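A.B. asks: After the structure tokens below, expect a handful of questions from me.
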Amino acid sequence: MSEWVCGCCGRWRVSVELIRGRYRYRLVHRYPRRFGGGKNVLGEVGSVAELEELLRRSTPLELADLREAA
């Protein structure tokens, strides 16, 4: 599974997962440990154009703000 993380704080993550034979981009917001940890799935989309729209609607990020996770 590939994953990209925002360069600013690392709490916004986009993963690519194979679900029922199709690749899906999943946008997740992770909470810091001091707030109990956990994650909130904000949406799943099937294309990069839809991912860009989801990022614009749900986060202060753009595609250029994401970096590949190590």
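A.B. asks: Using +1 at the Cβ of each Lys and Arg and -1 at the Cβ of each Asp and Glu in the chain, identify which of LEU51, ILE19, GLY36 lies farthest towards the dipole's positive end.
C.D. replies: The listed residue farthest towards the positive side: GLY36.
A.B. asks: Kindly provide the pair-distance distribution of segment 2-68 built from C-alpha pairs, with 5 Å bins from 0 and whole-percent values in order of increasing distance.
C.D. replies: Histogram of Cα-Cα distances, whole percents per bin: 4, 17, 29, 27, 14, 7, 2, 0.
A.B. asks: Mind pulling the angle between the C-alpha long axis of helix 48-58 and the longest principal axis of the chain? Nearest 10 degrees, somewhere in 0 to 90.
C.D. replies: It works out to around 30 degrees.
A.B. asks: Calculate for the chain the 222 nm mean residue ellipticity that helices alone would give, adding -39,500 (n - 2.57) per DSSP H run of length 4 or more and normalising by residue count, nearest 500 deg cm²/dmol.
C.D. replies: On the way: 1 runs with 11 residues, N = 70.
So the calculated ellipticity at 222 nm is -5000 deg cm²/dmol.
A.B. asks: Nearest 20 debye, what's the magnitude of the dipole of segment 2-68 about its Cα centre given +1 on Lys and Arg Cβ and -1 on Asp and Glu Cβ?
C.D. replies: 420 debye
A.B. asks: Let me ask you something else. Sticking with the crude label model, points 7 Å out along Cα→Cβ, report the distance from GLU68 to ARG11 in nm, one decimal please.
C.D. replies: Label at GLU68, label at ARG11, 2.7 nm between them.
A.B. asks: Still on this model: LEU42 to SER58: extension gain in nm, 0.36 nm per residue of separation minus the Cα-Cα distance?
C.D. replies: Full extension of this stretch gives 5.0 nm more.
Quick note: the coordinates plus some simple rules give every number you see, no bench work behind them. None of the values given here were measured: they were computed from a predicted structure. Because the Cβ atoms are built from the backbone with ideal geometry, glycine has one as well, and the counts that use them run over all protein chains shown.
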